[in-house]
Structures are given as structure tokens and as C-alpha cells.
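The values are calculated or read from the model by the stated rules, or taken from the named source; none is laboratory data. Just so we're clear, the structure is a prediction, and the values are computed from it rather than from any experiment. When we count neighbours, we look across all protein chains shown, and the Cβ atoms used for this are built from the backbone with ideal geometry, even at glycine. Accessible surface is based on the protein model in full, side chains and every heavy atom, while ligands, DNA and RNA are left aside. Shrake-Rupley method; radii C 1.70, N 1.55, O 1.52, S 1.80 Å.
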Amino acid sequence: MGSLVPPLYQTSTFTFDSADQGEKRFAGEEEGFVYSRLGNPTVKILEDRMAVLEGAEKALAFGSGMAAVSAVLFSLVKGGDHILCSQGVYGCTFGLLQLMKEKFGVTHTFSQMRTKEDFLSAIQHNTSCIYIETPINPTMKVVDLKLASEAASEKGIPVIVDNTFCSPYLQKPIELGCDIVVHSATKYICGHGDVIAGIAAGNRKIMERISKTTQKDIGGVISPFDAWLLLRGLKTLAVRMDRHCENAEKLAEALVRHPSVEGVFYPGDPTNEDYMTAKKQMRKFGGLVSFTIKGTKDDAQAFMDRLKLIKIAVSLGDAETLIQHPATMTHAVVPAASRQQMGITDNLLRLSVGLEGWEDIWEDLKQALEKG
Ligand SMILES: Cc1ncc(COP(=O)(O)O)c(C=O)c1O
């Protein structure tokens, strides 16, 4: 009792005092836990905290970000429906959209989503939801969430936002009128690179439907221990995010000035076309910086191999600075033509800026840029 840290209920099942109690819990006539795929006290603490942070009525935790994304989409969409999607999404989300098309005839359209007309003209009679990533992985383009929610509400369609790149500390889509937030909690929410997890948050009615259908029956739930680790991560989310953002801003400025760098994609750059939108809806500009180096795919890969401090790895939001090559890694599943449309060129690199001293990260980038 009086434990500062939430207790870890590392259990698969819960015992009942009597057969009658078991019957009542299954019938929903008595509050209480039954089986950890259907609910667990440690997981519930995480879900309740995530709901508060996102300004949502209810949140659900999952065993991965993709489990959260798929549980939400499978719940909102039926065969023959259409999904309107931002031009650029995480590679496996793209893969899931393909799978839904092939297996269930759920079509999708990618849109730049720059004006209200972009939304309204792309919404079809069978569009059942709008799916947005912002900033978009890995091009860092920003979608105006208020504009999205206004257009969607004219048509009565829910807006789902993948808030992974921001965490609720930097961006709160529900406060901007969007309906559902999903996360790869593997990233900033965990913050330590030791958990794969996901979150979905939204209004009680939709979340309860997901919890009783796609979460329960497809079963991509989080383990209690991983939920416990995420609760630890949440305690330092704000301080970590501040440091990620400060480091990223300094590195983006330095990269822009370097002669071997062709372009920098960072929403906090005042010359970036999305700067004003980012400033309006994000507290700070985030910890990711993408950039193209002058040269080819081979030059980009050789540059990565020269790095010493910075680790070559996918994922993001960890204490360590990570670099990846989207065209051959996170977005390799996306066909080359679609990659081009999304702006993922062969010389594009994505840097997840860590918590190290920014001068150390810059020194490493600089030596690798200059030895080429
Ligand atoms: C923006 C975004 N959404 C979703 C995911 C999927 O999350 P997970 O790897 O936890 O399943 C990722 C993973 O990199 C991501 O970057």
C-alpha cells in the first residue's frame, strides 16, 4: 500500500470467489477483472493516463502500434468502404491498407490535404474514415488538423490521427476536433527503446466498441509488464520531449548550412511551407529531422556507415540518436512510384534525434558528411 510506482499485475487470469461471481463478471453485471486479454489493472492505469493526456474519454493499449491501427480501422470500416488517407504514411500502415484492399475490397485514396477542397473533393459516398499522419513519416509534411476535422464534420466522418511523432505533449488532435488518436507507443511514450506497444484513444462509445470487438477478438493486447514500462516512460515524457525538440532544432539549423546537404525537412524551419500550420497545432516542432544529402542512394548509405555515435536503426523516440534510410528500410514495402509521390527519394535520411548533447550529435554528422 502507498506504493509510489503502480503495481505490476503480471497475471494472465483472475480468480473468482464463486461460480456465481464468475457468471456475473462474464455477464457484465459485476465490475472486476476476468482475464488479461479482456483487461488488466496495470494496463488500465496506463489506459486511464493516456486518455487524460490525449483529452479523450477512453484509451486502449495494444501490443504494438500496428495492432492499435488495425484494431481501429477494422472496427470503423467494412468491406467495400473507402478510406481517405494523408499522402504518406508509415510503411506498415501502407501495407495494411493494401491488405484491406486485396482481402476486403476496402479502397483508399491518398491526398495532400492542403485545402478544405482537397478533403471535400476526395470524400466519396462510401468513405468511412479519414486517416492522417502528421508530421508525416518520413517527409515531415504537416496536415492542418483543424481543417481536417472541419471538413470531416461537414460529412459526418471520423478523423483518425497517428500522433506517434508528437506524443500528446506536443500535439492534441482531439482538442483540434479529431476523433481518434493512435500511437506507436514504442516510440516517445516508451522513450527507452525496450517496448513494442500501441495506444488508441477517443470517445467512449467507439473505444468500447473496439475493446469488445477487434481488440478482444483479434487480440493484439499489451503485456502487463510492457504497460508498466510505459507508465515509467510517461513520467519523463515532457522533459524528454523538450530535450529532443531543442536538439532537433539546433541540428536542423546546422544541417541547412552544410554544403553536402541538399535539403532539410523539418517543420520548425521558418522557410518550410508547413511552418505556420506546425506552429499553430504543435507545442514544439518534434525530435525528427529528415534530410537529403547531395548524391545517390550509395552516397546516402556510405554516409550512414561513416557515423560513429549515431546508430543505424529504424524506430524513433529513443534516448539514442538513430538514423535510417526510408527507401530501403521503413518504406521499402512501398512501391518505388508511390515512394516518389510521397517524396521519399533514395538520398533521403531520417534522423531521430536523441537525448545526447547536440554538439556530440553534430560532430558525428559533420565528420560523416565531410569524409565523403
Ligand atoms: C508513425 C508510425 N505509426 C505507426 C507505427 C507502427 O508502430 P509499431 O512498430 O509499434 O507497431 C510506426 C512505427 O515505426 C510509426 O512510425
Okay, which of segment 48-75 sit inside 19 Å, backbone N to the point 7 Å along the Cα-Cβ direction of Lys205?
56-60, 72-75
Mind telling me which of Thr42, Thr13, Thr139 comes out most flexible in a GNM of the chain, alpha-carbon contacts under 10 Å?
Thr13
So if each residue of separation counts as 0.36 nm, and I subtract the Cα-Cα distance between Phe26 and Lys216, what length gain in nm does that give?
67.1 nm
Evaluate the relative contact order of segment 188-310 (contact order divided by residue number), counting alpha-carbon pairs under 8 angstrom at least 6 apart; express in whole percent.
22 percent
Need the C-alpha centroid separation for segment 309-372 versus segment 9-30, integer Å.
48 Å
Lys212: which aspartates and glutamates have alpha carbons under 20 Å from its alpha carbon, excluding same-chain residues fewer than 8 sequence positions away?
Glu23, Glu29, Glu30, Glu31, Glu47, Asp48, Glu57, Asp179
Report the antiparallel proportion of the DSSP beta bridges in the chain as a percent, rounded to a multiple of 5.
55 percent
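Considering only protein heavy atoms, what per residue accessible area in square angstrom results for segment 177-326 with a 1.4 angstrom probe?
Numbers: 6260 Å² over 150 residues.
Roughly 42 Å² per residue, with all protein chains present.
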So the FRET efficiency between Lys308 and Ala332, C-beta based with R0 = 35 Å and rounded to 0.05, is 0.90
Expressed as a whole percentage, what fraction of the accessible surface of the chain belongs to carbon and sulfur atoms when a 1.4 Å probe is rolled over the protein heavy atoms?
53 percent
FRET E, pair Lys279, Thr15, Förster distance 45 Å, beta-carbon r, rounded to 0.05
0.25
Where only protein heavy atoms count, and the probe is 1.4 Å, what is the accessible area per residue for segment 1-130 in Å²?
51 Å²
Arranged from highest to lowest average of other beta-carbon atoms within 10 Å per residue, in what order do the peptides 128-134, 86-92, 364-370 appear?
128-134, 86-92, 364-370
Under the definition of Cα pairs under 8 Å and six or more residues apart, what whole-number percent is the relative contact order of the chain?
18 percent
For segment 173-224, what's the relative contact order in percent, using C-alpha pairs closer than 8 Å and at least 6 residues apart?
28 percent
Computed lengthening from Leu4 to Thr107, 0.36 nm per intervening residue step minus Cα-Cα distance:
32.2 nm
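Given Lys116/Lys250; Lys58/Lys187; Lys172/Lys311; Lys116/Lys216; Lys284/Lys311; Lys187/Lys216, which pairs have Cα atoms separated by over 27 Å?
From the list (Lys116/Lys250; Lys58/Lys187; Lys172/Lys311; Lys116/Lys216; Lys284/Lys311; Lys187/Lys216), the Cα-Cα distance tops 27 Å for Lys116/Lys250; Lys172/Lys311; Lys116/Lys216.
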